[in-house]
Every structure is written in structure tokens, then in C-alpha cells.
Amino acid sequence: MTAGHSANVLSRSKRIGIASVLLLVLTVSLGAFLGVQTRAQFREIEASWANYADDVSRKGVWISSIRGHLGYGGIIHNFKNYVLRQDPQYLDRTRDQIEQFNAVIAEYLDQPLNPDERMMIEVIQQTIDEYARKLPLAMQAAQEGWSAERTDAAVRVEDARAIQALADLEVLWRATHRVSTDRVFAAVEHGTALIWVGFASIFALVLSALLIGFLLILLLRDMRRAMAQLSDELQMRRALEQSNERLARAVDQSPATIFMTDTDARILYANRRFEQLTGWSRDEVIGKTPRFLQSGDTPRSEYDAIRERLERGEDWHGVFRNRRKGGGSYWAETSILPLLANDGSVQNFIGIGEDITEKRQAREQVARAQKLEAVGLLAGGIAHDFNNILTTIVGASHLAAMDAPEGSDIAAEIDQIDIAARRAQSLVRGLLTFARREPGQPQPNDLCEITHEVLRLLRAAMPPTIRLDCSGVNDRVMVMGDHTHLHQIVMNLCRNAAEAIGAGNGTIHVTVRVLGAELPDGLEPRDGGWVQFEVRDDGPGMSAETLRHLFDPFYTTKPLGKGSGLGLAVVSSIIEEMKGTIDVESAPGQGACFTVRLPGAEGLVAQAEAVNADVPRGRERLILVDDETEIAATFRRFLLRLGYQVEAFTAPAIALEHIRADPARPDLLISDMVMPEMSGEELVNAVRALRPDLPVIFCTGYNPSGVTVTGPAPELLNKPVDPALLARRIRSLLDARA
């Protein structure tokens, strides 16, 4: 029993011992197995993460860069924009982007690639190389002015294979990215499963190996924590990458310009809008200070004050006029903000700008419109009084010329007075025309005759060093337009050419011709045809900046007091009203050529006044009414010299009473339009009630709305009235009545 019990105990002990040994061996083996598997799993995670972070991510960056170069704003886009618009900035962008593209492709091809991937890269590179080879041809087309169709046919590149290759490359990359990501998650999931196996083994062996089990539990718990942390970190990193990508996309696509600098004001980042607005690419501005944007309008002290404010951690808001890379400038409403660290120190500066160029231009246009309105009011206010003064001057000079010996010095001086008065008259009419307060009366006029008349006036006022070549103004050429307006066009353009030459030697060539069947661009065929008037000088020429503002109101390059800035603006306004065109060709040192095209009046008879050497005379009875004593006296003296019986009045009411006393006495009435107490229209209507057939001549300095009187239409002469013209109109009306 005892022996048997002992044997049984021994046997049980032996079995326990054997079981314990087996359990220990199993525990050690299990521990070794779990350790080997865990190490292998960590290596798998490390390898899969390295593959994901290094290979896949880098290729993703390269593919994204290639997509940008092929997409909107990339090489193909800028190349086609250059072909269509021939803007040099698109050429510069295309070259820069081709250089960047080649750098990315070189890095990509240096990596180990499978044959399909390498083939896709080479297809894309071949297409971009084709665009690069087409650049010189596109530049030639731009320089030689090829048509868009010819240029497109010459430089067209088939890029469909490259686009498809990029799409296939992205599909391949996404597949590789998906495999790499699945590998990481598989490794994590396998590690998690391995933990649970470890727990099961520990619980199975806990009774026989508490110490080993305890240590193993600690080890597995730490490993589980590490695996959980790695899994959480991976998920957080993916979420952070997505958030950063959205933020970067939002900043890059912002309609405002955004750039970031370090504390030394060196640019670290600039968004796409910054590139578009300034013309500088990111690669060109990274590492530089924004000083290259300065236009010179803002003083240095202002920039120093801004810097001091930012260094104190305060924001700055204001407006800059910045310079573009390709020339020109733009206005930006800018906010500069300091980026503060947790301790309150300034880490970076962020600049945010909004292009307000169009807003400022709109405000300037409003201001210009208000200025033009003020000019219109001023012109309307002074025209009547000023023209009355000029009428007295012109009339007095004409009377003096009648007494001055022909060819004498006094005759020349009187002629200068007449020329000066006519130039003053042209300036007032220019103001009225520009302000749309003196309507034109289109009718057939001989442009050659008007040109000769203007050139005769200009010859007396120009230096003898300037030669007028009017050999191209011969035959009669009729145009449909107001005589005064045509006179202003010819006078302003010819005088502008003379002032451009100045006191030096020069020649002004003036030509008038009828255009044939082949019309320039912008002109449509019309029944009366088109007439071209050209003024060419060999003066100093004009810069591109001057040409841009040439027809702007109040713009002048002459010294203060030497020009009103309205001459060419008036010309442009008149030509626009006549439905004509005006072109200018000029360059520094090459003179200038103004080409005006006006509607012709083919087949119509000119109604211009015939100029006779002798002023017609008469003995009829005339009533003269003008509230300006000087004008009434001047006209009376002139008409008395011609033999007429003249009764002059400065009060229309008194003149009316005089006519009522003997309505049959006057043969013709000459009246001003704007007079106190009674206007010229009221006076004539009252007289026509007594004498319905009485001829009437209105002499007016400002008539914005026409004339409305009963009976036969009166003659209308604009002040200052040429006495000879007045005499011819008087004789014409009297002869017609007889």
C-alpha cells in the first residue's frame, strides 16, 4: 500500500514533474514564439510604414506636381494662352514651368520603376518636350504677327496620350498607395490578433507559470499599448494630412493674395493669386523680401513705421500701389498680421491683399465725370460773355483792317489779333463741344477748303522753322459734318503737331483723300464712302505711356499754363459723335501720325460760304439789337461803312416799341439770342406778329436748344461773328426777299 502509494506518488510526482517540465518548455517555447512573431511583426510594420512614407508619398508629390504642370495654369495652358494672346508673361511662365517639370521628371526617373510606370513618365516627358520644341516657332509667330489659325496649326501638339498617361500613372499610384496602406493596416491587425493569442496562452498557463505569465502580461500589455498608440497615430496622421491638404488648397485658391514671411521679412510662402496678380512665380520670390513690389509711391519712413508696428505684435491695414513683374502696377488693400507664438513672441508675418484696381478706377471715373460736369457748367456760364468779347475784338479788328494799308506792319498786327481771337473762339467751342452743350449741324462740307483755311491761320502763328506740306490737299473732298467741328478737328491736330515740333526745324504733312473699296478694320461700307484726313509730323514722338492717355480729358505733357489738356479730347469726342475713327502711330524719336476717317458726302453739294474779295454793300434799313454796347457799336460802325442805314439798340423792349411805331420801316432785323428781360426769340416772335415776312439774323454766343420762332426760319450765326460773313448773310437775305 505504502509502496504502492509511494509508487503512485512517485508516479504522480513524476507525471507532475514531467508535466511541469513540459509546461515550462511549452511556456518558454510559447514565449520564444511570441517574441519572434512580435519582432517580425514590428519589422513588418516598420517596413510597410517606410514603404508608405518614402516611396508612395514621394511619388504622390511628383505626380501632383506633374498634374499641376499639365493642368490649368500649367505648361499646356500657358503655352496655348501665349499662342492666342501673344502675351510675353505666358512665354516666361511656360519656360519656367518646363524647367520645373524636367527637374521633377528627372527625380522620378532616378527611382526604381516598373516598365509600365517608366513608359507613362516617358510619354508625358515626350509631350512636354514637344511643347518646348514648339516654343521658338510660337515666338516667331508672335513676332511676325501670324494669324491665330496659322499659329495654332503650326504649333499644335497632340497631348491626349500625355493626359491619358498621367491618368494611368495616377491609377497605378493609387493602386500602389492602396496596397501599401493595406499592408500597414494588415500588420496592425495581425499584431492585434497576436495580442489576443498571447492573452489566451497566458490564461491557459497562469496556474503553472505565474511569474512567467506576469512578465509576459506586462510585456504584452506594453506591446498592446504601443500598437494602439501606433494605430491612433496613423489615423491622426491621415486626418491631419487631409486637414492640411484642405487648408493648403483653400489658401492657395483664395481670391486674395496671401504670403508669409519670417521675422526678417523673407518670403516663405505665396499663394496662386499672388503669382497671378504680381506676375512673379513662387520660386522667384521665396527667400526674398517684398521690396520688389514697391512702386516708389510709399515713402521709406512709412515702411519703417509698419515694421515697428508689426514687431510690437500689432496689425497693419492700408493700401499700396504695387509693381507688376511685366510692367505696370496695381492697387492692393493690404492687411499685414504678426503670427504670434504661445509665449507672445512674433514668429512670422502674414500679408493678405485684395486687388482694388478696378474699384479705384471706378472712383477716378466718377471724379472725372464730376470734373467734366463742372467743365460743362463752366463752359455754359462763360460761353455767352466770352463770345461777346470775342465778337467785339473780331469786329474791331475787321474795321481796323479795312483802314490799314495792305502789306503794312499795322495790317500784319491786326491779322495777328484776328488769329488770336479765332483761336480763343476755337477753345470756347471746344469746351462747349466736349461738354455736349453745343450741338453740331451735320451738312456737306469741303474738308480741303476747311484745311486750307486752318493752315492759313496757322502759318501766321507758327515759327518759320516749321514747314507745312499740304501737297496732299488738292481736290474738293466732301464730308458730312458740322463746319465748326471739322474746323476744330483740323485746327487741333495741326496745332498739336506744330507744338510737338516746337522751335526746332520740322515738317508737318497734311493729306486728304477718299478711301477706296478696301476699308480698314472697323469701318463698314456706306453710301457716301469714307474720307481719310492725316496729319504727320517729324517731332520727338510719344512714349507708350503718353499714347495710353492721349485722349484723356485734362491730360497734357506740356508745361503748366501751356495747354488745357482738352484739344485731343475734343477731337476724339467730335469724331466719335460723327461715327468716325481716329488712330495714332508714334514712338520716341520717330514723330507722330494722326489718321482720321470721317463719313463722306459723295454726290452732295457743298453749302460752305463763298469767300469774295469784296464785302457786299447795301442801302437798306437795318435794326440791330444786342445788350452788349460794344458789340452793337462795332456792328453799327461796320454796317454803316457798308452803306446801310442802321439803328442800334441795347434794350430789346425799346427796339420792339420802335418797330411797333413803324412796322414797315426795317428791312432786316439782327438780334442777339440771350438778353435780359426779353430773349431774342421773344423779340422776334413779337416782331413777326407785326411783320411776318421780316428777315431775321440771330447772332448768339451760346445756343444749347435751337431756335423756335414763327414765320420764315432765321439765319443763325455763332459768335464771334465774322463781319464779312455777316455782310454776306445780310445781302443774301435781302436779295432773296427782293
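The values are calculated or read from the model by the stated rules, or taken from the named source; none is laboratory data. All values reported here derive from a predicted model rather than from experimental measurement. Cβ: placed from backbone, ideal geometry, glycine included. Neighbour counts: every protein chain shown. Each accessible area value is taken on the protein alone, full model and side chains, heavy atoms only, with ligands, DNA and RNA left out. Shrake-Rupley method; radii C 1.70, N 1.55, O 1.52, S 1.80 Å.
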Under the 7 Å Cα-to-Cβ spin-label approximation, residue 585 and residue 249 lie apart by a distance in nanometres of 5.3 nm
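Roughly speaking, to the nearest percent, how much of the range 443-550's 1.4 Å accessible area is carbon and sulfur? Don't skip to the end; give the middle numbers.
Details: 2380 of 4980 Å².
Summing carbon and sulfur atoms, their accessible area is 48 percent of the total for the range 443-550.
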For residue 263, distant residues with modelled amide H under 5 Å away: none
FRET efficiency (residue 179, residue 308; Cβ distance; R0 51 Å; to 0.05) is 0.35
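So how much slack lies between residue 459 and residue 471, counting 0.36 nm per residue of separation and subtracting their Cα-Cα distance, in nm? If you can, show how the numbers build up before the last one.
Working: separation 12, 0.36 × 12 = 4.32 nm, distance 1.50 nm.
Full extension from residue 459 to residue 471 adds 2.8 nm.
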FRET efficiency estimate (nearest 0.05) - Cβ-Cβ, residue 33 to residue 72, R0 56 angstrom: 0.45
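At 1.4 Å probe size, with every protein chain present, just tell me what the per residue accessible area of the range 678-738 comes to in Å². Don't skip to the end; give the middle numbers.
Values: 2400 Å² over 61 residues.
That works out to 39 Å² for each residue.
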Show which aspartates and glutamates lie in cross-link reach of residue 288 when reach means a straight Cα distance below 16 angstrom and same-chain residues fewer than eight apart are skipped. 262, 264, 275
Separation of the residue 657 and residue 298 label points, Cα + 7 Å toward Cβ, nm: 7.5 nm
5 Å is the cut-off here: which amide hydrogens, built 1.01 Å from N in the peptide plane, fall below it relative to residue 649, excluding neighbours closer than 5 in sequence? 624, 625, 626
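Before anything else, pin down the relative contact order of the range 438-516: Cα pairs under 8 Å, at least 6 apart, normalised by residue count, whole percent.
Values: 104 pairs, mean separation 36.1, N = 79.
Normalised by residue count, the contact order of the range 438-516 is 46 percent.
Sorted by average packing, counted as other Cβ atoms within 10 angstrom per residue and highest first, what order do 103-112, 633-642 take? Please list the in-between numbers first.
Values: 103-112: 13.6, 633-642: 19.1.
My ranking of the peptides, most packed first, is 633-642, 103-112.
I need the peptides 223-236, 67-80 ranked by packing, meaning the mean over residues of other C-beta atoms within 10 angstrom, with the highest value on top. Could you put the intermediate results ahead of the total?
On the way: 223-236: 13.9, 67-80: 18.6.
Peptide ranking by packing, descending: 67-80, 223-236.
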Residues in the range 55-93, backbone N under 14 Å from the label point at residue 237 (7 Å along the Cα-to-beta-carbon vector): list them, ranges by number please. 55-58
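Place the peptides 467-475, 618-626, 484-492 in order of packing, highest mean first, counting for every residue the other Cβ atoms within 10 Å and averaging per peptide.
Numbers: 467-475: 13.8, 618-626: 21.0, 484-492: 24.3.
Final packing ranking: 484-492, 618-626, 467-475.
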What are the residues whose amide H is under 5 Å from the amide H of residue 668, where those residues sit 5 or more places off or on another chain and H is modelled from the backbone? 623
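For residue 290, what charge total do you get from the other residues with a beta carbon under 11 Å from its beta carbon, if Lys and Arg give +1 and Asp and Glu give -1?
On the way: positive: 266, 288, 291, 323; negative: none.
Cβ neighbours under 11 Å give a net charge of +4.
Write down the accessible area per residue of the range 241-281 in Å², having rolled a 1.4 Å probe over the full set of protein chains. List each step's numbers first, then the result.
On the way: 2210 Å² over 41 residues.
Result: 54 Å² of accessible area for each residue.
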Set of aspartates and glutamates with alpha-carbon distance to residue 719 below 15 Å, sequence-local pairs under 8 removed: 385, 418, 438, 626, 627, 628, 630, 672
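To the nearest 0.05, how large is the calculated FRET efficiency for residue 637 and residue 324 if R₀ is 56 Å and r is the Cβ-Cβ distance?
Numbers: r = 66 Å, r/R0 = 1.17.
Computed FRET efficiency for residue 637 and residue 324: 0.30.
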If you place +1 on the Cβ of every Lys and Arg, -1 on the Cβ of every Asp and Glu, and leave all else neutral, what size is the dipole of the range 278-370 about its Cα centre, to the nearest 20 Debye? 440 debye
